[in-house]
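Everything on this sheet refers to the single structure shown next.
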Amino acid sequence: MFIQTEATPNPATLKFLPGKEVLASGTADFRDADSAREASPLAGRLFDISGVTGVFFGYDFVTVTKDGPDWQHLKPAILGAIMEHFMSGQPVMGSGAQAAADDGEKTAEFFDQADAEIVLTIKELLDTRVRPAVAQDGGDITFRGYEKGTVFLHMKGACAGCPSSTATLKHGIQNLLRHFVPEVQQVEQI
């Protein structure tokens with residue numbers, strides 16, 4: 001098994017591509033060892049490595065966020081854990097964990113029903129133009145709400161805590177949404 005690694009705009013996060021499907025649909029973001037161990041055998045394994053502070057799963061990638069040690073010291077252990085996991089045949093997520101995570105994301109949205117058409121356009125733009133680009137950097141961005149001209153988004157994976165995430169939000173995504181949806185005045189991260 002050959003696992004590729006890619007740098008992300010966030011120096012504390014690396015993207016690992018195992019050459020296999022990681023999650024068939026949706027994403028999973030873990031920021032603490034306890035919730036990771038409960039939901040995912042792979043995330044639990046990765047959190048067992050000293051210095052790992054975040055794990056994010058996309059369709060065909062795993063991003064790992066660190067605190068402390070250099071990547072040259074952590075990378076071999078992370079590669080080994082990912083390889084061991086996929087060779088073991090265990091599922092990436094425990095039973096029902098992914099469905100619960102997806103349901104939680106969907107119920108967290110807020111907007112006035114009068115703005116439903118605007119929200120639909122915003123979501124379509126996010127899904128077709130923003131999310132594929134953000135996924136290439138090892139992260140994800142999801143719609144959370146729309147209120148009085150402000151779009152609220154949640155950044156995950158490599159994007160969470162990335163030094164360039166504010167620029168991505170304010171200059172990239174905000175400008176894109178304003179161009180296609182004149183009602184949008186600003187974009188905020190939650």
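The values are calculated or read from the model by the stated rules, or taken from the named source; none is laboratory data. Owing to the predicted nature of the structure, the values given are computational and were not obtained by experimental measurement. Ideal geometry is used to build each Cβ from the backbone, glycine not excepted, and the neighbour counts take in all protein chains shown. Side chains are part of the model used for accessible areas, which takes the heavy atoms of the whole protein and leaves out ligands, DNA and RNA. Shrake-Rupley method; radii C 1.70, N 1.55, O 1.52, S 1.80 Å.
Residue 94's amide H: which non-local residues (gap 5+, or another chain) put their own amide H closer than 5 Å, with H modeled 1.01 Å from N in plane and none for Pro or chain starts?
Here the answer is 40, since their amide H atoms fall under 5 Å of that of residue 94.
Once amide H atoms are built 1.01 Å from N in the peptide plane, which residues 5 or more positions from residue 10, or in another chain, come under 5 Å H to H?
none
Given the pairs 15/148; 15/170; 66/148; 75/123; 20/148, which span a C-alpha to C-alpha distance of over 31 angstrom in this model?
15/148; 66/148; 75/123; 20/148
Here are some values of percent of Cα pairs over 26 Å apart: (1) 26; (2) 34; (3) 30. Which one was computed from this structure?
Computed from these coordinates, percent of Cα pairs over 26 Å apart corresponds to label (2).
Report the label-to-label distance for residue 73 and residue 38 in nanometres (one decimal), using points 7 Å from each Cα along the Cα→Cβ vector.
Here the modelled spin labels are 3.1 nm apart.
So what is the accessible area of the chain per residue, in Å², with the probe set to 1.4 Å?
For the chain, the per-residue accessible area is 50 Å².
Compute the angle between helix 116-125 and the longest alpha-carbon principal axis of the chain, please, reported from 0 to 90 degrees and rounded to the nearest 10.
40
Given the options 63, 146, 28, identify the residue whose Cα lies farthest towards the positive end of the charge dipole of the chain (+1 on Cβ of Lys, Arg; -1 on Cβ of Asp, Glu).
Of the candidates, 63 comes out farthest on the positive side.
Given the peptides 63-71, 81-89, arrange them by the average over their residues of other C-beta atoms within 10 Å, most packed first.
63-71, 81-89
Would you mind calculating the gained length between residue 185 and residue 90 on full extension (0.36 nm times residue separation, minus the Cα-Cα distance), in nm to one decimal?
29.6 nm
In the neighborhood of residue 43, defined by Cβ-to-Cβ distances under 14 Å, what is the net charge if each Lys or Arg adds +1 and each Asp or Glu adds -1?
The answer is -2.
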